[in-house]
Amino acid sequence: MNGMLVLPVAIPLITATLGLLFRKSSQLQRWIGVLGAVALLGSAVVLFRDVYADGIQVLQLGNWAAPFGITLVADMLTMLMVGISAIMGLIIAIYSLYDIDKERERFGYYPLLHILIMGVNGSFLTGDIFNLYVWFEVMLIASFILLALGNSKNQLQGALKYVFINLFSSLVFLFGVALLYGMTGTLNMADLAVRLPEVENTGLVTTTAMIFMVAFGIKAAVFPLFFWLPASYHTPPVAISAIFGGLLTKVGVYALIRVFTLLFTVESAHNDYLHTILLWVGGFTMVIGVLGAASHMEFRKILSFHIVSQIGYMIMGLAFNTAMGIMGAIFYVLHNILAKSNLFLISGVAQRLLGTFELKKMGGLYKHYPFLAVLFLISAFALAGFPPLSGFWAKLSLVKAGLSIEQYVITGVAILVGLLTLFSMTKIWLTAFWSPVPDEKPEHFGKIPLFGAGKLYILMIPVMIIAGLIIMVGLYAQPLLELCMTAAEQLLDPSVYIEAVLGPQ
Amino acid sequence: MKSLILHTATRLMIGVLVLFSLFLFFRGHDEPGGGFIGGLVGAGAFTLYAIAFGTEATRQVLRIHPITLIAYGLLSLVVSGLIPMFIAEPFLTGKWLFIEWGAFDTKLSTPLLFDIGVYLCVVGFIVTVIFSLEEEG
């Protein structure tokens, strides 16, 4: 038992509550928003040390013994994810100080942001499949409001698509949970892992696995279920786009990794179709996403399609089902959250300077703001997988994993998609940064400094922090790779997880 | 809405509804009832009032802004969860305090505090929704 395990959920809840209580004062809201995020990061660090030193940590909520109560479980994967979500929470809270207008603040932007983070952390920590559903709902309701907050026509259009497809996915998820409960009579994930291999109707197990694949696939935006994502993620303010694009889809990936290593393994389904299907899904997601990105000319739309494409890599790593593959997938998730969010944040700065997200109307950023250009290059090259940035190690470990189990075709596809990624990043670079200053530019372009009057530095600080993290992970990748390897090994040997939750078998 | 019947009936009903909601609330835990259902009935009372006398009058009767009500509800939920953590027990563990007065024995507990939170959240949420709908239309 580790009582601290509830903190990554409780701290955002407390922060949101305080934010609601003091919602009249915009100044207090901001302070509470940022300090809450700092406290969350602190709790994540403390918990991380516990998990690193003593292995998997468990908390039985309300002191009800597993499998009857709700269990919170933290293994290395959970802690890596909670850690990155805490970092992102802080980054976005700072960025929002400038990016979010008074109107949205008044409608409770900061409490909602923290409720969203609570939902994300809850999904990572829970050891109960129905509780996972509940956290998904918490996350979705908060994200619905964040997406629609502000009421512009464009936003509502995107939000509607997002709401409907995600409600559908929740419904599918609930069907899957019902089937699992019908087959095994339990909802605790560790208990499920024990009982699923004993179920005689293996066909039904495979069917349920497919249902989960569809449900989480929609959330993670994999091929062919990704259409809602590029249609909605470019509509809200940049801070919201960034946390959605960086973090939310990865919760779907996390859920896929969790259920396909703990519940639906080769042993419980008695066949290997599932991972073959995942492999195809991953391949198509990579290719279709990157082609979609190549065909668009709006900054955030390109980035949205890239989210889809990058999800493919993670699914591919999971489908390899080897320690190396899963390690690559986890590393990829972490690297991608950093690189992708940073690109979104930079698009926000560019929009502030040029007044548009349309690449054709942009230009001259390199001439007037070379420092911003350098930060963009770091993130874009990391996304494309250039050494020595974080993306290189992510791609390298996936490629290595693919070659070691002789999956040459998909590995080739992955490398090719990397090249195409570079192509669309170059497109942004050539138009927004290198091309001449556009005629119809806002008056302040070129005159307003990044640091100093105008307070643009509030936007630049988060961007610089993430860029620093990307370089750090790139130059000093070994510790993080080792942590990801620990996480992957824990995932591939569920007996440790089961024993931690249910006690010695 | 200007209707003499509705106005008179509302004045009579509202006290009954609020009392009934409190009855349902305290009946909870061991028997059907509790914070959620009690909160729904309580919100029903204010909804009726809002239909009969308008939202402005209801805001005055309610005195406290519905969103603040939600905030206090959440606060109560969080506190009830955190109390057991101070004696090194897991979040949300039920802690009971029995007070014997002789005639009425009182049971105070963290689940009660949790339920109060649920009650406030439900009332606050539904009243917020009703107010927004009424004021827009």
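The table below gives the values:
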{"item": "Positive dipole terminus of segment B:4-136, leading residue within B:ALA50, B:PHE125, B:PHE98 (C-beta point charges)", "result": "B:ALA50"}
{"item": "Anisotropy class of segment A:288-492 from Cα gyration tensor, a/c 1.5 cut", "result": "prolate"}
{"item": "Other protein chain Cβ atoms within 10 Å, averaged over every residue that makes up A:14-21", "result": "5"}
{"item": "Relative contact order (percent, whole number), segment A:288-492, Cα cutoff 8 Å, 6+ residue spacing", "result": "30"}
{"item": "Residues A:MET472, A:MET324, sorted so that the one with the fewest Cβ neighbours within 10 Å comes first", "result": "A:MET472, A:MET324"}
{"item": "Mean separation of Cα contacts under 8 Å, 6 or more apart, over the residue count of segment A:116-187: relative contact order %", "result": "30"}
{"item": "Centroid-to-centroid separation of segment A:119-190 and segment A:243-293 [C-alpha atoms, Å]", "result": "17"}
{"item": "Relative contact order of chain A, defined on C-alpha pairs under 8 angstrom at six or more residues apart (%)", "result": "15"}
{"item": "Shielding by other protein chains, B:65-76, mean Cβ within 10 Å", "result": "4"}
{"item": "Neighbour-count order for B:THR128, A:THR186, A:THR276, A:THR208, fewest beta carbons within 10 angstrom listed first", "result": "A:THR276, B:THR128, A:THR186, A:THR208"}
{"item": "Structure-based [θ]222 nm, the protein assembly as shown - -39500 (n - 2.57) summed over DSSP H runs of at least 4, per residue, nearest 500", "result": "-24000 deg cm²/dmol"}
{"item": "Projected-area mean, segment A:183-314, by convex hull of Cα positions, square nanometres", "result": "8.2"}
{"item": "Per-q log10 I(q)/I(0), segment A:1-69, q = 0.18 Å⁻¹ (Debye; single scatterer per alpha-carbon; no solvent)", "result": "-0.75"}
{"item": "Listed pairs A:LYS161/A:LYS427; A:LYS250/A:LYS360; A:LYS153/A:LYS427; A:LYS153/A:LYS301; A:LYS340/A:LYS361; A:LYS340/A:LYS447 exceeding 21 Å between Cα atoms", "result": "A:LYS161/A:LYS427; A:LYS250/A:LYS360; A:LYS153/A:LYS427; A:LYS340/A:LYS361; A:LYS340/A:LYS447"}
{"item": "Residues A:ILE141, A:ILE466 arranged by fewest to most Cβ contacts within 10 Å", "result": "A:ILE141, A:ILE466"}
{"item": "Overall form of segment A:428-482 per C-alpha gyration tensor (a/c, 1.5; a/b vs b/c)", "result": "oblate"}
{"item": "Global geometry of the protein assembly as shown, whether rounded, prolate or oblate, following the gyration tensor of its Cα atoms and the 1.5 cut on a/c", "result": "oblate"}
{"item": "In Hz, Karplus ³J(HN,Hα) per residue of segment A:287-296 (6.51, -1.76, 1.60; θ = phi - 60°; x = Gly, Pro)", "result": "5, 5, x, 6, 5, x, 5, 5, 8, 10"}
{"item": "Average beta carbon contacts from partner chains per residue of A:154-160, 10 Å cutoff", "result": "0"}
{"item": "Dipole magnitude of the protein assembly as shown, debye to nearest 20 (Cβ charges: Lys/Arg +1, Asp/Glu -1, about Cα centre)", "result": "2140"}
{"item": "Gain on full stretching of the segment that runs from A:GLU267 to A:VAL374 - 0.36 nm per residue minus C-alpha separation", "result": "33.6 nm"}
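Read-outs: derived from the displayed coordinates by stated rules, not from any lab. Here the structure is a predicted model, which is why all the values come from computation and not from measurement. Cβ sites come from the backbone with ideal geometry, for glycine too, and all protein chains shown count toward neighbours.
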